[in-house]
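Novice: Following this message is one structure expressed as structure tokens.
Any read-out appearing in this document is the output of simple, stated calculations on the displayed coordinates, not a laboratory observation. If you're wondering where the values come from, they're calculated on a predicted model, not measured in any experiment. Using ideal geometry, Cβ is built from the backbone for each residue, glycine included, and neighbour counts are taken over all protein chains shown.
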Amino acid sequence: MTTLTACAAFSPITTDENYDAANGVTATVGSVVGRDLVVIGDKGKEGLLSGGLVNQGQEDVSVVITAKGQPQPVTVMVPRGGLVSLGSGADQTSVVVGNLTVAPGSLLDVTFSSPTGGDVVTGVPVLTPTAEYATVTPTAD
């Protein structure tokens, strides 16, 4: 029996591993961490970046977000110790990605920039505006 219990000695402790437990991905630029980042939309149409930006630092941080096909970069001020929700809701910041160049199921390179973190390019998954994402669109009702 002791040989069977020894098997765990060669396996990593998975609860100690960092991973994205949702559909979206994580991006870190300086003291700001983007969580559960996804782009909702269809190829050839406008998309919307959804997720959250958390500032873990002691100073307010300005984050510039850009992606291929985006009409213009969007600057988001993230207060120290604060959270900015990205999406289409009344209490959320809208980051519209223009003519999506990739289809749902693909990754879209999104660049997050800040004065202290530089430029961070992250492959963000593109998902269709259906099911729980049906209202997460630039033209949500």
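Novice: Does Ser94 satisfy the criteria of being in contact (Cβ under 8 Å) with a residue 60 or more places away in the chain and at negative phi?
Specialist: Values: in contact (Cβ under 8 Å) with a residue 60 or more places away in the chain: no; at negative phi: yes.
Considered against the rule, which asks whether it is in contact (Cβ under 8 Å) with a residue 60 or more places away in the chain and at negative phi, Ser94 comes out as no.
Novice: Taking the stated definitions as given, is Gly98 out of contact with any strand residue (DSSP E or B) (no Cβ under 7 Å at 6 or more places or on another chain) and either surrounded by 14 or more Cβ atoms within 10 Å (Cβ to Cβ) or not aliphatic (A, V, I, L, M) (or both)? Quick ask: steps written out before the conclusion?
Specialist: Numbers: out of contact with any strand residue (DSSP E or B) (no Cβ under 7 Å at 6 or more places or on another chain): yes; either surrounded by 14 or more Cβ atoms within 10 Å (Cβ to Cβ) or not aliphatic (A, V, I, L, M) (or both): yes.
Spelling it out, Gly98 is indeed out of contact with any strand residue (DSSP E or B) (no Cβ under 7 Å at 6 or more places or on another chain) and either surrounded by 14 or more Cβ atoms within 10 Å (Cβ to Cβ) or not aliphatic (A, V, I, L, M) (or both).
Novice: Also, quick follow-up: Quick check on segment 101-120. Is at least one of its residues closer than 14 Å to Val29 by Cα, hydroxyl-bearing (Ser, Thr, Tyr) and crowded, with 19+ Cβ neighbours inside 10 Å?
Specialist: For segment 101-120, residues closer than 14 Å to Val29 by Cα, hydroxyl-bearing (Ser, Thr, Tyr) and crowded, with 19+ Cβ neighbours inside 10 Å: present.
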